[in-house]
Amino acid sequence: MKPFSYERATTPAEAAAAVQRPGAKFIAGGTNLLDLMKLEIETPQHLVDVGGLNLDRIEPTPEGGLRIGALVTNTDLASDKRVRKDYGVLCRAIVAGASGQLRNKATTAGNLLQRTRCPYFYDTNQPCNKRKPGSGCAAIGGVNRQLGVIGTSDACIATYPGDMAVAMRVLDAAVETVNAAGATRAIPIANFHRLPGSTPHIDTTLQHGELITGVTLPRPLGGTHVYLKVRDRASYAFALVSIAAVIQRDGTGHVAIGGVAPKPWRNEAADAALPQGAKAAASRLFAGARPTPENAFKVPLAERALAAVLAEVKAA
Amino acid sequence: MKFDTPAGTNPIDQLKVIGKPTDRIDGPLKTTGAAKYAYEWHEEVPNAAYGYIVGSAIAKGRIGSIDLDEAKAASGVLAIVTAKEAGKLGKGKFNTVKLLAGPDIDHYAQAIAVVVAETFEQARAAAAMVRIDYVRAKGSFDLAEGLKTAPITGGMGDDGKPAPKEDRYGDFEGAYAAAPVKLDERYTTPDQSQAMIEPHASIAAWDGDKLTVWNANQMVDWSRADLATTLGIPKDNVRLISPYVGGGFGSKLWIRADVVMAALGAKAAGRPVKIALPRPFLMNNTPHRPATAQRIRIGTDQAGKITAFAHESGTGDVAGGQPETVTAQSKLLYAGENRLLQRRLAHLDLPESNAMRAPGEAQGLMALEIAMDEMAEKLKIDPIEFRIINDTQVDPMKPEKRFSQRQLTECFRIGAEKFGWSQRNASPGQMRDGRWLIGMGTATAFRGHINTPSKARIRLDAKGIVTVESDMTDIGTGSYTIFAQTAAETMGLPLDKVIVKLGDSTFPVSAGSGGQWGANSGTAGVYAACMKLRELVAERLGLNTADAAFVDGKVRSANRSIALGDAAKGGDIVIEDGIEFGDLDKQMHQATFGAHFVEVGVDAYTGVTRVRRMLAVCAAGRILNPKAARSQVIGAMTMGVGGALMEELAVDRRFGFFVNHDLAGYEVPVHADIPHQEVIFLDEVDATTSPMKAKGVGELGLCGVGAAVANAVYNATGVRIRDYPITLDKHLDRLPAIA
Ligand SMILES: Cc1cc2nc3c(=O)[nH]c(=O)nc-3n(C[C@H](O)[C@H](O)[C@H](O)COP(=O)(O)OP(=O)(O)OC[C@H]3O[C@@H](n4cnc5c(N)ncnc54)[C@H](O)[C@@H]3O)c2cc1C
Ligand code: SF4
């Protein structure tokens, strides 16, 4: 870990301004950033702690949805009564992630911005375009069972590894931000994480210094909410494939897939095909997939996992 | 005490303390954090500086140049040691590869330098500033490829001499060709990491030319000697202290880079130095359990009697390494006249292969016990019956040599009854519970028994307190407790009148912790020393040794009853003795046996396997402390589930290293993976092993578990997987079609 300076901001505008310094970064729960700093994968010179910004409330929106403060912890979000009642898929996705201790520290914004779990990204001896642009991608042709099958590029095949955002994607959440100039915007979650193309070191569409202030959820969708996370061990592991789904009585609904792409994976054609079953929806989700020999199983696995979800909903 | 004839009735047979399920006497120290692990001797070594090791970024080649300028100038840095500064170093008997590389690199993450600084953070930051130019060389990293040309070798025998190239008995080829029912299958197991909780860690402090190290270690005396050899100093100048060890599973049988680099760093810095190996570094820096490729051929007659049996295995290691003893159990486990056992060793430039819990048997049984199941299915015989048909009370290759105790059949019979084996559907893929395909599997557990000389020092004071000192280690196994139980039983004391001090090279040399020999051999050493103490006590009290009874803190003879402590009124009595073993283990086979039972569910949609319940029935001599023994066995069963379903060090065959080198990437079971576990110990005493009449269970519990899981998965799905770990991707495309 390289030496760094530290400050604690008191207002969102102040935080956004403070992080304009070269090499400055926000820190929230620190559960991802500190690990990366210890390994010198991230080497910020200055940390701006956003813990004191009073962004830790969950409030109703005038549109009938919820606004989740950027600093609401995963534990608080998953245990919120309104979330449990109306946004079950989000609650289930969160508790399927990490461990109780981590979820107590992990924040909503930090979770959205957690970096990939590609093992080569974590080993600074290895080439990795995401960590060191232009150095190459060790995962292509290497150990990549866990990595992406779609939306990847010749420069990077890493996935967005998290769970919470997959549920937010199916709920059509929006990420709210403020920049140093005080300008705010709402980024639809669909546009928040980006595909790697030739610049895999840029994970999201956030500008440097743009602070996440919260996430809004639209009005509840009703229906049955399911999050199915498939992994080698029963807990405390990232998804091989995960399914976030909200299915209505008539078989229509929404589905997003985690663990397969650089972002939570969803498309309208697949949603439209849901009433025809898992095969129809999966074929639309994975059209153009480019798996490796090691992770080709993820495509049929996603289809079968979706079938399990649809069967579960039907039986309920 | 020399143990060369089977034990008669002795004080241990009273079973007042021995054989009782006893809480760990070190439990409160552990749960309150007062037990000190190697890195935690803050009061004893208040001024320790921190060392951080720089490991090789390449797997094979040489160091072109090292630039230390930036690192040396970094804040807090006290010293940097590379091979150049270290000068000539020796290599310990138990290390294959040098612990400090230079200029040649033998494997990825081999230590190249240690940076010593005032704080851990400073040492780590400066270590990242060491600039190394490498000259890469081509290495061999692919076991399957290496085995194509690998020679057959028996490796070194236990006596240090080359073992026979292969084991042959009868005419395997002829008998196999003639067998009416036969199997010829191949199996693979991956590289595995011990993944113990406490990483390798040490503090080193010099006092002139004398060195004290606090080192997480299973074998104090071996490691003290190897450290002296490595540093080129007399063994007498080294003191090694290791009273609490946070798990080892074989990884701490020897010294590793932490202790050597701490000693070198401390010398250079002129200050004590502490080092703990970070997990992402440790997994490539230290030895691992090697991957195996195995082939098993079994031929039987129509009734299921084995007539031909061959087990071949291939493993890899660095130059100077050994073939893993993967076929060891196959010599003795099942009857059968015509046998062939063969091993190959491929040269690999991956990190060093070495012992992990039940080395050899763990992998061998993972394959063999699937093969037995497959054979039973061909024969349409229940897998338990097939094993029982081929059970033997004698060495199949030396029929004159018997097993001292062998209750394998009993283990299966009792286990089958308890587990509800009759509920199993012999046709696979038939049992369902909602979304889950249900299956049951079984496998034999078998592990040889080893005796090792072991000594202890015993002190009796006037208050009647007995203190046991031995360099024995407690790696979470319960050594403290069973040593205390042994002394208490022998001296006729309650447990709280015994103090046990372990893990210090100033104490007498014990068996140490490895190969599941520690419990029986170690306690036998304590017993021997206590028996000597009894003689001295009787003498001091003027009693006749032969009829003196040691009961309830008193020594009784005829109508006299004297407090034990009275013998030490004139001063503490201190004696040292131990156990030495004759050749009973040559006259007969001593081994431990068991049967594992597992029920799994396989998600019919996703192929995910989850264990539902497990049972182990063990026959392993006298169980000294059923509570500690049970902990050992359920821990081993858990490890077996990991081996069956998830554990694999994934090899990058281009760059030559284990890619998933942390505990996020290398998955071991978590609580949610481990459901109901049950352990039954058969009531067994084996008078041929020692006066304790005990054996070990720590490795037995692991042997065969993986195959029992694999067999249960097959029973659930009807899809046979012979390539561990059994992850969902290996059977997904053969599971029932979904709607
Ligand atoms: C062992 C382990 C297992 C895990 N398993 C899972 C799992 O199964 N599923 C899962 O989803 N996750 C998992 N995680 C990841 C965990 O969810 C994330 O580490 C956590 O959510 C990050 O939140 P944080 O608040 O600690 O972020 P931090 O580490 O503080 O920050 C992460 C990033 O977000 C930036 N940031 C933080 N707040 C803001 C803000 N308000 N505006 C702009 N940028 C900001 C920081 O600059 C940094 O780049 C695991 C983590 C660990 C360590
Ligand atoms: S897949 Fe992406 S993160 Fe992984 S090594 Fe390649 S570039 Fe780096």
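A few points about this structure:
- For the protein assembly as shown, share of DSSP beta bridges that run antiparallel, in % to the nearest 5: 75
- Alpha-carbon spread of segment A:1-133, three principal axes, descending order, Å: 47, 34, 25
- With the simple spin-label model, which puts each label point 7 Å out from Cα in the Cβ direction, the residue A:252 to residue B:400 separation comes to 8.7 nm.
- Surface composition of segment B:97-227: carbon and sulfur atoms hold 53% of the protein heavy-atom accessible area at a 1.4 Å probe.
- Interface burial in segment A:230-271 reaches 50 Å² or more for A:232, A:233, A:234, comparing the full protein assembly with the chain by itself; accessible area from heavy atoms with a 1.4 Å probe.
- Here chain B is treated with +1 on each Lys and Arg Cβ and -1 on each Asp and Glu Cβ, and its dipole about the Cα centre works out to around 200 debye.
- With semi-axes defined as the square roots of five times the eigenvalues of the C-alpha gyration tensor, the equivalent ellipsoid of the protein assembly as shown measures 51, 37, 29 Å, largest first.
- Environment charge at residue B:555 (Cβ cut-off 9 Å; Lys +1, Arg +1, Asp -1, Glu -1): +3
- Restricting the calculation to Cα atoms, segment B:256-337 yields a radius of gyration followed by a Dmax of 22.3, 74 Å.
- As a fraction of the 1.4 Å probe accessible area of segment A:1-109, surface on carbon and sulfur atoms comes out at 52 percent.
- Centre separation in Å (Cα based) which lies between segment B:621-668 and segment A:12-83: 36
- Accessible area in square angstrom per residue, segment B:1-101, 1.4 angstrom probe: 52
- Dipole of segment B:596-714 [Lys/Arg +1, Asp/Glu -1 at C-beta], most positive-end residue of B:638, B:617, B:669: B:617
- Long pairs among B:398/B:693; B:98/B:252; A:105/A:130; B:497/B:695, criterion Cα-Cα beyond 20 Å: B:398/B:693; A:105/A:130; B:497/B:695
- Accessible area that becomes buried as A packs against B, both chains, 1.4 Å probe, Å², nearest 100: 2900
- Rounded percent of accessible protein surface that carbon and sulfur make up, segment B:561-646, 1.4 Å probe: 45
- Among A:229, A:38, A:132: highest mean-square fluctuation, GNM of chain A, C-alpha pairs under 10 Å: A:38
- Spin-label pair residue A:207/residue B:430, simplified geometry with 7 Å Cα→Cβ offset, distance in nm: 6.9
- Of the residues making up segment B:723-739, those losing 50 Å² or more of accessible area when the isolated chain is joined by the remaining protein chains, with a 1.4 Å probe, are B:728, B:729, B:732, B:738.
- Those GluC sites (Glu not before Pro) in segment A:1-65 that DSSP places in a loop and that have at most 16 other beta carbons within 10 Å: A:40, A:63
- Spatially, segment B:97-146 and segment B:243-317 are offset by 19 Å when compared through their Cα centroids.
- Axial C-alpha extent at least 20 Å, average Kyte-Doolittle at least 0.5 - helices from chain B (DSSP): B:626-645
- For chain A, the 222 nm mean residue ellipticity estimated from helices alone, with every DSSP H stretch of n ≥ 4 adding -39500 (n - 2.57) and the total spread over all residues, rounds to -7000 deg cm²/dmol.
- Counting Cβ atoms of other protein chains within 10 Å of each Cβ in A:117-130 and taking the mean gives 4.
- Working note: 222 nm ellipticity from helices only, DSSP H runs with n ≥ 4, each -39,500 (n - 2.57), summed and divided by the residues of chain B, gives -7500 deg cm²/dmol to the nearest 500.
- Note on residue B:566 and residue A:2: the model spin-label points, each 7 Å out from Cα along the C-beta direction, lie 7.7 nm apart.
- Dipole size of chain A about its Cα centre, with +1 on Lys/Arg Cβ and -1 on Asp/Glu Cβ: approximately 520 debye, rounded to the nearest 20.
- The Cα center of segment A:94-172 and the Cα center of segment B:511-578 differ in position by 63 Å.
- For segment B:587-618, a decrease in accessible area of 50 Å² or greater in the assembled protein chains relative to the isolated chain, with a 1.4 Å probe, applies to B:605, B:606, B:610.
- Total formal charge among the other residues, if their Cβ is under 11 angstrom from that of residue B:267, Lys/Arg +1 and Asp/Glu -1: -1
- For residue B:510, neighbours were defined as the other residues whose beta-carbon sits under 14 Å from its Cβ, and their charges (Lys and Arg +1, Asp and Glu -1) total -4.
- Principal axis box of segment B:597-739, alpha-carbon based, largest edge first, Å: 59, 41, 25
- Protein heavy-atom accessible surface, 1.4 Å probe, per residue over segment B:623-726: 26 Å².
- 1.4 Å probe accessible area per residue over segment A:204-243, in Å²: 33
- Lysines whose Cα lies under 16 Å from that of residue B:532, excluding same-chain neighbours fewer than 8 positions away: B:2, B:455
- Net length gained if the chain between residue B:378 and residue B:75 were fully extended (0.36 nm per residue, minus Cα distance): 102.1 nm
- Taken along its principal axes, the alpha carbon cloud of segment B:416-535 reaches lengths of 69, 26, 25 Å, longest axis first.
The values are calculated or read from the model by the stated rules, or taken from the named source; none is laboratory data. Worth saying up front: this structure is predicted, and the values here are computed from it rather than measured. FYI the Cβ positions are ideal-geometry reconstructions off the backbone, even for glycines, and counts take in every protein chain you see. Heads up: the accessible areas ignore ligands, DNA and RNA and are worked out on the full protein's heavy atoms, side chains in. Shrake-Rupley method; radii C 1.70, N 1.55, O 1.52, S 1.80 Å.
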